[in-house]
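**Q** Got a structure here, written out as structure tokens. Questions coming.
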Amino acid sequence: MAKILVTGMSGTGKSTALEMLATRGHRAVDTDTDQWSHWVTLPDGSPDWVWRESAISDLLANHREGALFVAGCKSNQGRFYPQFDQVVLLSAPAEIMLARIATRTNNPFGKRPEEREAILRDLANVEPLLRATSTVEIDASAPIDKVVQQLEGLAQTTP
């Protein structure tokens, strides 16, 4: 009944890893949808795409069998860390992330110059925070099969 959060910057392969985990029979939830996340306005007036806390709470509380892999990178995810068995940071060099984003077809984010600049800012400012709070870091520049095997290995070693 392992519950594993897969987090990291755009272009590290979170969605691709989850798709592969799902084809291998695992429950996999990508939180970059309206079902799991929504826009809020922060006190400074800026928008933020955050988890729907009641939906995430229900997902984690009602998971009963097999491994659950949840992917996302949201400002409020830390509130849920105690409910996960592992918090896995997928990391990759900026040039790999940007190359993946440039060629991906399943997500338009990162195609515009200002979005690419935001990704590089997040890499410098947000990824260190994720690294400091993660339980495991996986080199996402490795072939996706290897990344998925490492994630499955974490699920198997979690009681």
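The values are calculated or read from the model by the stated rules, or taken from the named source; none is laboratory data. Small disclaimer: the values here were computed from a predicted structure and weren't measured. As a convention, Cβ positions derive from the backbone with ideal geometry for all residues, glycine included, and neighbour counts pool all protein chains shown. The accessibility values were calculated without ligands, DNA or RNA, using every heavy atom of the protein model including side chains. Shrake-Rupley method; radii C 1.70, N 1.55, O 1.52, S 1.80 Å.
**Q** Looking only at segment 101-141, how many residues end up being part of a loop (DSSP other than H, G, I, E, B), surrounded by fewer than 15 Cβ atoms within 10 Å (Cβ to Cβ) and at pLDDT 95 or above?
**A** Within segment 101-141, residues that are part of a loop (DSSP other than H, G, I, E, B), surrounded by fewer than 15 Cβ atoms within 10 Å (Cβ to Cβ) and at pLDDT 95 or above number 1.
**Q** Taking the stated definitions as given, is Ser15 assigned to a loop (DSSP other than H, G, I, E, B) and within 12 Å of the chain's Cα centre (by Cα)?
**A** On the way: assigned to a loop (DSSP other than H, G, I, E, B): no; within 12 Å of the chain's Cα centre (by Cα): yes.
Taking the combined requirement at face value, the residue does not satisfy it.
**Q** Is it fair to say Ala55 is in contact with a Phe, Trp or Tyr (Cβ under 6 Å, 6 or more places away or on another chain) and not in a loop (DSSP other than H, G, I, E, B)? Show your work before the answer.
**A** Numbers: in contact with a Phe, Trp or Tyr (Cβ under 6 Å, 6 or more places away or on another chain): yes; not in a loop (DSSP other than H, G, I, E, B): yes.
Judged against the criteria, Ala55 is a match.
**Q** State all residues of segment 128-149 that are over 12 Å from Thr12 (Cα atoms), among the hydrophobic types (A, V, I, L, M, F, W, C) and free of Cβ contacts under 8 Å to residues at least 12 places away in the same chain; if no residue qualifies, say none.
**A** If the condition is that a residue be over 12 Å from Thr12 (Cα atoms), among the hydrophobic types (A, V, I, L, M, F, W, C) and free of Cβ contacts under 8 Å to residues at least 12 places away in the same chain, then Leu129, Ala132 are the ones that fit.
**Q** Name the single residue, out of those in segment 19-34 being under 15 Å from Leu151 (Cα atoms) and open to solvent by 80 Å² or more (accessible area, probe 1.4 Å), that is nearest to the chain's Cα centre (by Cα).
**A** Ranking the qualifying residues of segment 19-34, first place goes to Glu19.
**Q** All but one of (1) open to solvent by less than 60 Å² (accessible area, probe 1.4 Å); (2) closer than 17 Å to Ala2 by Cα hold for Arg64, so report the exception by its number.
**A** It is condition (1) that Arg64 fails.
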